[in-house]
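Right, one structure below, let's go through it.
The values are calculated or read from the model by the stated rules, or taken from the named source; none is laboratory data. Everything numeric in this text was worked out from a predicted model, so none of it was measured. Cβ placement follows ideal geometry from the backbone for every residue including glycine, while neighbour counts extend to all protein chains displayed.
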Amino acid sequence: MIKKGSYIFTLVIALFLIWYLFIKPTDYIINFKSDTFSETINQSLKLWSAGLENSSQLKEVNDFEHLEQVWNIQDSTHIYSWEIKSTSDSTSQVTVGIKDKDFMNSIMNKLMVPFTKTNFSIGSEKRVLDFMTVLKDHIENFKVTIVGEENFEEKLIAYVPIKSAQVEKALGMMENTTFIGNFLLQNGAQLDGPPMLEITEWDRVNDSIDYNFGYPITSKENLPTDSEILYKTISSTRAIKAIYNGNYITSDRAWYALLRYAKKNNLSVEPKAIEIFYNNPDMGGNSLNWKTEIYLPLKTE
């Protein structure tokens, strides 16, 4: 009986070692919590990764909560598998599985990491901590307040159509603000509110958008129709609304928050945000004091 028990114990240990050394998909795992929703982490991770010299472009694997990142470190290639799980509307759990692509290096990591600090584990912790610091700073510099259902009032706008990466939305606005403003001033147009934009297409897989950016005007009568400036009426509609405080570059955080709100409240929405900007970034100041009203139109039956 003792021999049989010893045999079973030995078999279990052998199977565990085979799994741990040869099958387990990661060499090292790092976990952390964040006080924001998963879409913010996804977008922040992509922006951070794009600015690194020795990291390839991040790619999503199956969905936006699973991403893979490749690091080229000296003569090694490390794979970082990021898994983001929402634990509430405002908190998330992040798991980072890290593996050396070289088989023998991976075996050595698995043997050493449980017992001692290695260059592999120290470097992995530093890189993840770098991102955690960037993410924490970002979270502290924006705020989204859900207002709920509200009417968006009809607006006639003079605009230019723009296509860009999602993260470059504010750049497109900056490049056209003076152009549109001068055109309207020179032609005697009467403004009907602060600058605004309307998302016409949002590709969430490739993080790209098409949008119309411009100024609301009281009338297009006597305005030139042979220029790059176009005119359209954005119809009044029932929508869910949020107030975003922060840099306009990341006002899309409110889009995600509104989509979550809609799902939680069984509301069908068009994922095409309308944004109204109340502050001029050229004036500087704390971006947390910048205000954007954001609407997601409710679908009509």
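For every residue, the table says whether it meets (1) assigned to a helix (DSSP H, G or I); (2) in the same structural domain as Asn280 (by TED's automatic domain parsing); (3) among the hydroxyl-bearing types (Ser, Thr, Tyr); (4) over 30 Å from Thr300 (Cβ atoms).
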position: Thr95; (1), (2), (3), (4): no, no, yes, yes
position: Lys99; (1), (2), (3), (4): no, no, no, yes
position: Met104; (1), (2), (3), (4): yes, no, no, yes
position: Leu111; (1), (2), (3), (4): yes, no, no, yes
position: Phe120; (1), (2), (3), (4): yes, no, no, yes
position: Gly123; (1), (2), (3), (4): yes, no, no, yes
position: Leu135; (1), (2), (3), (4): yes, no, no, yes
position: Asn151; (1), (2), (3), (4): no, yes, no, no
position: Lys163; (1), (2), (3), (4): no, yes, no, no
What is the one condition in (1) small (Gly, Ala, Ser); (2) farther than 22 Å from Pro195 by Cβ; (3) part of a strand (DSSP E or B) that Ala262 does not satisfy? (3)
May I ask you to verify whether Thr87 is of a type outside the set (A, V, I, L, M, F, W, C), in contact (Cβ under 8 Å) with a residue 40 or more places away in the chain and either surrounded by fewer than 18 Cβ atoms within 10 Å (Cβ to Cβ) or not assigned by TED's automatic domain parsing to the domain that holds Gln190 (or both)? yes
Could you please let me know if Lys272 is part of a loop (DSSP other than H, G, I, E, B) and surrounded by 17 or more Cβ atoms within 10 Å (Cβ to Cβ)? yes
Residue among Ser81, Ser49, Ser34, Ser55 that is modelled with pLDDT of 95 or more, buried (at least 18 other Cβ atoms within 10 Å of the Cβ) and not aromatic (Phe, Trp, Tyr): Ser34
Filter region 169-198 for residues that are assigned to a strand (DSSP E or B) and touching a residue at least 60 places away in the same chain (Cβ under 8 Å) and give the result. Met196, Leu197, Glu198
